[in-house]
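One structure is given below, encoded as structure tokens.
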Amino acid sequence: MRKFFLHFVFWIVFFLMWTRIMYFYVNNIPNRLYFSALDVSLVISAFYIIYLFIMPDYFRRKSIGRVVLLSILLLILLTGFYSWIMGLFLHHMLMPIHFDFSWTYADLQYNRLFIALLGVLGGCFVKLAMDRLEVGRRMEVMEKEKSMAELTYLKAQINPHFLFNSLNSLYTQLELSPADAKGTLVSIADLLRYQLYECNADFIAVAKELAYLKNYFNLQSIRNDNCKATLLIEGEYENLQIAPLLLIPFVENAFKYVSDFDQRENLIKAEVHIDQGRLNFSCINTFDAIIRQNTSGTGNGIGLSNVKKRLELIYGKSFTLHQESSDGQYSINLTLTLK
């Protein structure tokens with residue numbers, strides 16, 4: 001109904017403009033409206049035959065020759081029919097002419113031909129434009145569905161990755177301190193509850209994500225007692241939202257590759273600063289270059305590759321991510337605009 005109304009309004013406006021532009025020299029209003037109605041009805045006929053029948057046939061068959069042939073045939077038929085109609089009206093004076101009208105029948109035919117051509121060209125161009133818009137809309141929907149499917153897949157990979165590391169931590173603690181392992185098990189349950197019931201949304205409260213980060217950091221610190229691990233969180237983040245499980249892979253990576261020196265300091269330092277809706281996250285860890293080189297390329301770096309793809313899918317160009325490895329330290333800096 002809305003489309004019909006838009007078409008109706010357009011042709012009313014077109015008709016009024018046609019009367020003022022094409023027949024401005026005709027002072028008799030009935031004559032002006034009469035000739036304008038014949039002209040516009042010819043344009044409308046040519047337009048909708050092309051728009052509704054011939055161009056859809058072209059999209060199905062993809063035959064330009066067929067479109068050209070049908071369009072020429074349409075022009076001939078409409079030109080002949082409307083020339084006959086106007087000749088009939090003029091011959092029997094069904095509408096008295098009150099202005100200087102000196103056209104021959106050949107002039108009438110040429111006039112009808114060019115007016116019909118206007119409708120044919122208009123129908124072709126509008127249908128092609130509408131088709132391109134529709135294709136663009138479908139491509140956008142398909143791209144969005146593809147991105148959502150890929151994002152769901154990446155998040156599904158993160159969960160078992162985290163669970164694998166957490167169970168390793170719990171196993172280590174069960175051997176050393178069964179009593180403390182009970183508290184650790186409760187922490188793991190809280191973390192998994194967060195993953196199962198909280199992080200399925202596209203965005204969650206920053207406060208919940210940071211609480212999850214703290215619990216995870218403390219859990220991993222228990223496992224790595226030979227490492228000095230610190231986490232600093234500063235700033236106001238009330239009512240701000242972030243994509244879930246976005247920061248965890250960086251911390252996972254730090255605990256995974258942190259050095260285990262006996263005579264040197266083993267360090268993990270993570271900081272989160274939030275200012276005016278802008279999040280700055282940094283994570284530094286020392287590493288053993290020899291061990292890192294031997295374990296690189298083994299396929300264990302699922303978390304970091306996933307989070308890079310997620311950042312691109314969710315935040316587009318509104319984030320920056322820098323990684324650096326030098327002097328036995330690996331650092332990563334992430335800056336993004338929070339919702």
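The values are calculated or read from the model by the stated rules, or taken from the named source; none is laboratory data. This is a predicted model, so every value here is computed, not measured. Neighbour counts run over all protein chains shown; Cβ positions are idealised from the backbone, glycine included. The accessibility values were calculated without ligands, DNA or RNA, using every heavy atom of the protein model including side chains. Shrake-Rupley method; radii C 1.70, N 1.55, O 1.52, S 1.80 Å.
Determine which single condition I291 fails, assuming it passes every other condition in (1) open to solvent by 70 Å² or more (accessible area, probe 1.4 Å); (2) modelled with pLDDT of 85 or more; (3) in a helix (DSSP H, G or I); (4) not basic (K, R).
(2)
Matching residues to (1) among the acidic types (D, E); (2) buried (at least 16 other Cβ atoms within 10 Å of the Cβ); (3) without any contact (Cβ under 8 Å) to a residue 60 or more places away in the chain:
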| site | (1), (2), (3) |
| --- | --- |
| Q173 | no, yes, yes |
| R193 | no, no, yes |
| L210 | no, yes, no |
| L213 | no, yes, yes |
| I248 | no, yes, no |
| A254 | no, yes, no |
| F261 | no, no, yes |
| E265 | yes, no, yes |
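Are any residues in region 203-231 outside any helix (DSSP H, G or I) and out of contact with any Lys or Arg (no Cβ under 7 Å at 6 or more places or on another chain), and if so, which ones? Quick ask: steps written out before the conclusion?
Going residue by residue through region 203-231, those that are outside any helix (DSSP H, G or I) are 203-205, 224-231.
Hits for region 203-231 are I204, A205, N224, D225, N226, C227, K228, A229.
Of L73, L33, which residue is surrounded by fewer than 17 Cβ atoms within 10 Å (Cβ to Cβ), at pLDDT 95 or above and either of a type in the set (G, A, S) or over 17 Å from M130 (Cα atoms) (or both)?
Numbers: L33 fails: at pLDDT 95 or above.
Step by step, each of L73, L33 is checked, and only L73 is surrounded by fewer than 17 Cβ atoms within 10 Å (Cβ to Cβ), at pLDDT 95 or above and either of a type in the set (G, A, S) or over 17 Å from M130 (Cα atoms) (or both).
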